[in-house]
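Novice: Could you have a look at this structure, given as structure tokens, before my questions?
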Amino acid sequence: MTEQTRFQLSESDLPKFWYNVIADSPVTPAPVLRPDTLEPVTPDFLSVLFPMELILQEVSTERYIQIPDEVREIYKLYRPTPLVRARRLEQALGTPAHIYFKNESVSPAGSHKPNTAIPQAFYNKMAGTKALTTETGAGQWGSALALACNFFDLDLEVYMVKVSYQQKPYRRVMMETYGAQVFASPTDRTSFGRSVLAENPDTPGSLGIAISEAVEVAATSGGAKKYSLGSVLNHVLTHQSVIGEEALKQMDMAGEYPDVVIGCVGGGSNFGGIAYPFLRENLKNGQRTRLLAAEPNATPTLTRGTYTFDYGDTACMAPVVKMHTLGHSFVPPGIHAGGLRYHGMAPSISAFCDAGLIEAVAVPQKATFEAAMTFARAEGIIPAPESAHAIRVAIDQALDAKAKGEKRIILFNLSGHGHFDLSAYEKYLNNELEDYAYPAEAIRAAMLELPQVDLPA
Ligand SMILES: Cc1ncc(COP(=O)(O)O)c(C=O)c1O
């Protein structure tokens, strides 16, 4: 066993293919439905929002999809990302477990999100799109797409959830530095935004509302603008598979294989990115790695949500998918992991969780920041509050291994750094952070507004 700490691949090891888990899926995903008719969507309907190449990837059953050279060239700015053995964290915990993390925070935007932003901008450029619209919660996705649009010379409008826009002015400046226009959502630029503001002028906004605004702008642009989503959809999770494919090679360099792989889940893209190549090894090659999705107690989509059809956005303009959901009208509590405040979940993750192929754990906010502090002081990296959920679960795994005297190999994805989240850290240090209880009543109310889907058996 090597004493190495960082496991670094060379540029030539950068994956040439994305992995599409749908090819190996033992469960058949439910069809995606039109929000207006609740009939299965057609490529025509989706083409208002997305370029054809991404639509084809969305419905593809091919196991591997070639990564275009233009995308690999830009990936080389930060990929392959390092795999790090967290030896100092292991020592701090006094655990016999070996803890590894894949460090996606080294991308220029600070998270895993450019892994899909770059190809999405590329395919749009190839299709002749002039401008994109999108939403952003914490600002990580908006920054990543702003970076990618800048490289491919596309205009970008970002609808940023108002509470984040106010809490994180530097994320906005970062997006503007790359050339994007950023608006605090709800805005008066869209008819949906105006209707929300008329009803509740002081609303903090939500990801569901911001998605509705970005979709409305693209859908009413007469084809000039397309819409881009940073999580949830199959093609997004496919693009993120570069994380797990690299990690497989790097674990091999380390001479170990993980017993457990952990990622935090908002819409599911970084978890799918690290976990699906390992799920393939479970399904095809007899491995038995546990795949753990870490979510906040305050938005417990997988652990407490219902597995059913729901709209992807608040205004019921985005497609309807079968997923674990808290209800599209649910406005989540203002926890500091803004990127995990989404009511739904990627359909594939929902289906695999339902089938017992992956597991989910919910963790409270304060314990999550406590884990972030332990990690920051041991390893030196200040994690994004979202990623800290994975760290909480990884530390709990390491402590459980210690209690049982087991050598457990743990791998988690560090999906981003927290350099723009220091006001949340300040609140933690000043003992001002709250734990939000599971908002049972709000979720029950939101569940009454689910679409009534009646598909032929
Ligand atoms: C750093 C970070 N990690 C995780 C997430 C959650 O998204 P996903 O589940 O798509 O990975 C986000 C979302 O914004 C994020 O910014």
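The values are calculated or read from the model by the stated rules, or taken from the named source; none is laboratory data. As the structure is a prediction and not an experimental result, all values here were calculated from the model. Using ideal geometry, Cβ is built from the backbone for each residue, glycine included, and neighbour counts are taken over all protein chains shown. SASA here: full protein model, heavy atoms, side chains in, ligands and nucleic acids out. Shrake-Rupley method; radii C 1.70, N 1.55, O 1.52, S 1.80 Å.
Novice: Give Ile209, Ile274 a once-over and let me know the one that is within 18 Å of Gly110 (Cα to Cα), touching a residue at least 12 places away in the same chain (Cβ under 8 Å) and among the aliphatic types (A, V, I, L, M).
Specialist: Going through Ile209, Ile274 in turn, the sole match is Ile274.
Novice: Would you confirm, using the coordinates I've provided, whether Val242 is of a type in the set (A, V, I, L, M) and at positive phi?
Specialist: Judged against the criteria, Val242 is not a match.
Novice: Please pick out the residue among Met160, Met126 that is in contact (Cβ under 8 Å) with a residue 12 or more places away in the chain and open to solvent by 10 Å² or more (accessible area, probe 1.4 Å).
Specialist: Selected residue: Met126, the only one of Met160, Met126 that is in contact (Cβ under 8 Å) with a residue 12 or more places away in the chain and open to solvent by 10 Å² or more (accessible area, probe 1.4 Å).
Novice: Using beta carbons and a limit of 9 Å, which pairs, at least six apart or on different chains, have the first residue in the stretch 53-79 and of a type in the set (Phe, Trp, Tyr) and the second one modelled with pLDDT under 95 and part of a loop (DSSP other than H, G, I, E, B)?
Specialist: Taking only residues 6 or more apart or on different chains, not a single pair turns up.
Novice: Additional query: Among (1) within 16 Å of the ligand (Cβ to nearest atom); (2) open to solvent by 10 Å² or more (accessible area, probe 1.4 Å); (3) touching a strand residue (DSSP E or B) at 6+ places or on another chain (Cβ under 8 Å); (4) among the polar types (S, T, N, Q), which single condition is Gln66 missing?
Specialist: Unmet for Gln66, out of (1) within 16 Å of the ligand (Cβ to nearest atom); (2) open to solvent by 10 Å² or more (accessible area, probe 1.4 Å); (3) touching a strand residue (DSSP E or B) at 6+ places or on another chain (Cβ under 8 Å); (4) among the polar types (S, T, N, Q): (1).
A quick yes/no check of all residues on (1) within 13 Å of the ligand (Cβ to nearest atom); (2) modelled with pLDDT under 95:
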| residue | (1), (2) |
| --- | --- |
| Ala315 | no, yes |
| His328 | no, yes |
| Ala337 | yes, yes |
| Tyr342 | yes, yes |
| Phe352 | no, no |
| Leu357 | no, no |
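Novice: Let me ask something additional. Give the residue that is most open to solvent (accessible area, probe 1.4 Å), with candidates limited to residues of the stretch 1-27 that are in a helix (DSSP H, G or I) and out of contact with any helix residue (DSSP H, G or I) (no Cβ under 7 Å at 6 or more places or on another chain).
Specialist: Glu11
Novice: Counting residues that are more than 26 Å from Pro204 (Cβ to Cβ) and open to solvent by 10 Å² or more (accessible area, probe 1.4 Å), which strands (runs of 3 or more DSSP E) fully inside the stretch 234-332 reach at least 3?
Specialist: 306-311
Novice: Tell me the residue from Ala214, Ala198 that is small (Gly, Ala, Ser) and open to solvent by 10 Å² or more (accessible area, probe 1.4 Å), please.
Specialist: Every option except Ala198 fails the conditions.
Novice: Just checking, how many residues over the stretch 397-439 are crowded, with 18+ Cβ neighbours inside 10 Å, within 16 Å of the ligand (Cβ to nearest atom) and polar (S, T, N, Q)?
Specialist: Count: 2.
Novice: Then there is this: Residues of the stretch 129-154 being open to solvent by less than 20 Å² (accessible area, probe 1.4 Å) and of a type in the set (Asp, Glu), which ones?
Specialist: Glu135
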